[in-house]
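Only the coordinates and a few stated rules stand behind these numbers; no lab work does. Predicted, not measured: the structure shown is a model, and the values here were computed from it. Cβ: placed from backbone, ideal geometry, glycine included. Neighbour counts: every protein chain shown.
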Amino acid sequence: MLDRRILIRTLHSALRILFVVRLQKYLADAGVASRRAAELIILEGRVAVNGQVVRLLGTKVDPEGDKVTLDNLPVYVQKKIYLALNKPIKCVCSHKDELGRPTIYELLPKEWQMVSSVGRLDFNSEGLIFLTNDGEFSLRLTHPRYGVVKKYIATIEGEVTREMLGRFVQGIFTGGEKLKALSAHIVSGSRARSVVELELGEGKNREVRRLFESQNLTVKKLQRTQIGKIKLGELKLGKWRTLTPAEIKTLVSDL
C-alpha cells in the first residue's frame, strides 16, 4: 500500500512538472497583458510568486499549485474563450459607449462579458468579428506584421471601374497614409450601384470606406465575410458561435 501511495505521489508530481509554464505566459493567459508587456511588468518587480517578488524572466510557475499576484492582487488563469459573431449595424465594438449606443457585448451571455473584440467593425458595418479573452490570440490577428487577410463585400453608390480597383491594389495615399487592397474585383455593377469584393491585409481604420471615398464614391453597405480561413458562412446576423479548436489552430498556425 505504501509503495502504491508513493507511486501515485510521484506520478502526480511528474504531471505537475509537465504543466508548469513561464511566468510571462501565465500572465498573458490570465489576460493581464501580452507576453512582451508581461515581461516588462515582471522586470518592474510588480509580480510575486508564493509571496516572493520575481524579477527573473523565464521563471516557471505551476498554475495549480503556485499563488501569483500582481501589485498584491491575485492573478488567475481564465478559461480561454474564442467566439465568432455576426455583428449587426448600429452597434459599437466598445464595452461602453459615451453616446449610449448599443454594443456587441449586449448580444453575448452575461458570463462572457470579459471578452474583447479582436479588432473592430465600425458602427455602420456588419459581418464577422472575433471576441476573446486571449490577449496573445488577439495580438497575432490584429498586428500588421502578421498580415491576416480579411475579406469584405461592399455595396457602392455609383459605378466602380476596374481602373479604380487597380489603383486600390497598387495602393493609394490618403489622409497621410497608404491604403492598399490585396485584391479587388467587381461582383456586379451598373452606373447607379456596384458590388465589390475586396481582400485586405492590414485592417486600418475605416480602410474600405476610405478607399472608395478617395474616388468620390460612398459605401452604402459593408460586410466582412472572412478572417483568415474562417468564413461568416450561415451565421445569422446578431448571433454568435464558439470557434472550434481546429479553427483556432488554423488561425494561429497561419501566422
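Once you order the gyration tensor axes a ≥ b ≥ c over the Cα atoms, which shape class does the range 13-114 get: rounded for a/c under 1.5, otherwise prolate or oblate by comparing a/b with b/c?
prolate
What number does the range 149-227 give for Rg over Rh if you use C-alpha atoms and the Kirkwood radius?
With Rh from the inverse mean 1/r over Cα pairs, Rg/Rh is 0.92.
Using just the helices of the chain, give the 222 nm mean residue ellipticity in deg cm²/dmol: DSSP H runs with n ≥ 4 each add -39,500 (n - 2.57), and the total is spread over all residues, rounded to 500.
The helix contribution divided over the chain gives -7500 deg cm²/dmol.
Please arrange 130, 137, 173 by how many other C-beta atoms lie within 10 Å of their C-beta, fewest to most.
Least to most surrounded, the residues fall as 173, 137, 130.
Could you state, as a whole-number percent, how many of the C-alpha pairs of the chain are farther apart than 21 Å?
67
Which whole-number percentage describes the relative contact order of the chain, with Cα contacts under 8 Å and a sequence gap of 6 or more?
Answer for the chain is 18 percent.
Translational D (Stokes-Einstein, µm²/s) of the range 32-76 at 20 °C and 1.002 mPa s when Rh comes from the Kirkwood sum over C-alpha pairs? Intermediate values should be presented prior to the final figure.
Details: Rh = 10.5 Å.
Value of D from the Cα-based Kirkwood radius: 203 µm²/s.
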